[in-house]
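Notes to accompany the following structure.
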Amino acid sequence: MKNLIMTVNVLGACWAMAQPPGLAARRVAEMVTREKPGKIISVLDVRKEATDAFAQSALKVQQMTTVKTVYSHQPKMAKDCGLAVAQKALKENAQAGAVVLIIDAGEAPSLAVFPEDRMAVINAQRVQQGAADGKVAAARMEKEIFRAVAHIAGGTDEQANSAMKTVLAAQDLDALVATTFSPSIAMTIAQNVGKFNFSTVETVPYRVAVVRGWAPAPTNDAQRAIWEQVSKSKAKATVTGGGK
């Protein structure tokens, strides 16, 4: 039932955002809202200039997750490093259950997330660097806000038992059934090796490696038999192909 309610909420939010302005206005009377007590997701901007686009992004997060998400602009807090500011914001704001901090920090990392501590820091300068125009820069920031929220508010908690379940304390780690991520996450990482230029380690039967052409020279009778058999097959196929 809970999953059904969440699905309805998400679909409703997406439907509402997709409506033309005029139609959306006429539908207002048909919608009702209630707010349950609890903590909020705080999108805290400590840069010099406030950005209305961030407030709109926070509203989208709220509409899609049903979690109250509040944008605030507090440039006076930008005195320490991003992590220290985020820690202070989470500690001093009793309402905040998670904090997404937006700062200008030169060449510092674009996005730093601390899932167990419910904090994320977005370096707007780095994210928007080289953007063709303001529209592109704003779109980048909205995506990073959503990515940050997913990491610190349980959005990476998959259905399968894995190490990617939501963890907020050492006891949560102890309670995890699995110690590794799931096969689906492993597959996703494998599919992204090109983006990261990762070195890969492939383990296959010796015969498969010989057929593919990258097997090392045989070191025992079994491997020599396979090597000779595959070599003869390839030679035969070459002769047959050349005779056509």
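The values are calculated or read from the model by the stated rules, or taken from the named source; none is laboratory data. These figures come from a predicted structure and were not determined experimentally. Here Cβ is always computed from backbone atoms with ideal geometry, including for glycine, and neighbour counts include all displayed protein chains.
Note on region 52-74: among residues that are part of a loop (DSSP other than H, G, I, E, B) and without any contact (Cβ under 8 Å) to a residue 40 or more places away in the chain, the one that is surrounded by the fewest Cβ atoms within 10 Å (Cβ to Cβ) is Gln74.
To keep it simple, each residue is scored yes or no on (1) charged (D, E, K, R); (2) part of a helix (DSSP H, G or I); (3) out of contact with any strand residue (DSSP E or B) (no Cβ under 6 Å at 6 or more places or on another chain); (4) outside the structural domain of Val67 (by TED's automatic domain parsing).
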{"residue": "Lys91", "(1), (2), (3), (4)": "yes, yes, yes, no"}
{"residue": "Leu101", "(1), (2), (3), (4)": "no, no, no, no"}
{"residue": "Ala108", "(1), (2), (3), (4)": "no, no, no, no"}
{"residue": "Ala112", "(1), (2), (3), (4)": "no, no, no, no"}
{"residue": "Ala131", "(1), (2), (3), (4)": "no, no, yes, no"}
{"residue": "Arg140", "(1), (2), (3), (4)": "yes, yes, yes, no"}
{"residue": "Lys143", "(1), (2), (3), (4)": "yes, yes, yes, no"}
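Just give me the residues in region 85-101 being more than 17 Å from Glu116 (Cβ to Cβ) and either in contact with a helix residue (DSSP H, G or I) (Cβ under 8 Å, 6 or more places away or on another chain) or among the hydrophobic types (A, V, I, L, M, F, W, C) (or both), in sequence order. Answer for region 85-101, where residues must be more than 17 Å from Glu116 (Cβ to Cβ) and either in contact with a helix residue (DSSP H, G or I) (Cβ under 8 Å, 6 or more places away or on another chain) or among the hydrophobic types (A, V, I, L, M, F, W, C) (or both): Val85, Lys88, Ala94. Within region 159-179, restricting attention to residues that are surrounded by fewer than 11 Cβ atoms within 10 Å (Cβ to Cβ) and either assigned by TED's automatic domain parsing to the domain that holds Asp117 or polar (S, T, N, Q) (or both), the residue that is farthest from the chain's Cα centre (by Cα) is Gln171.
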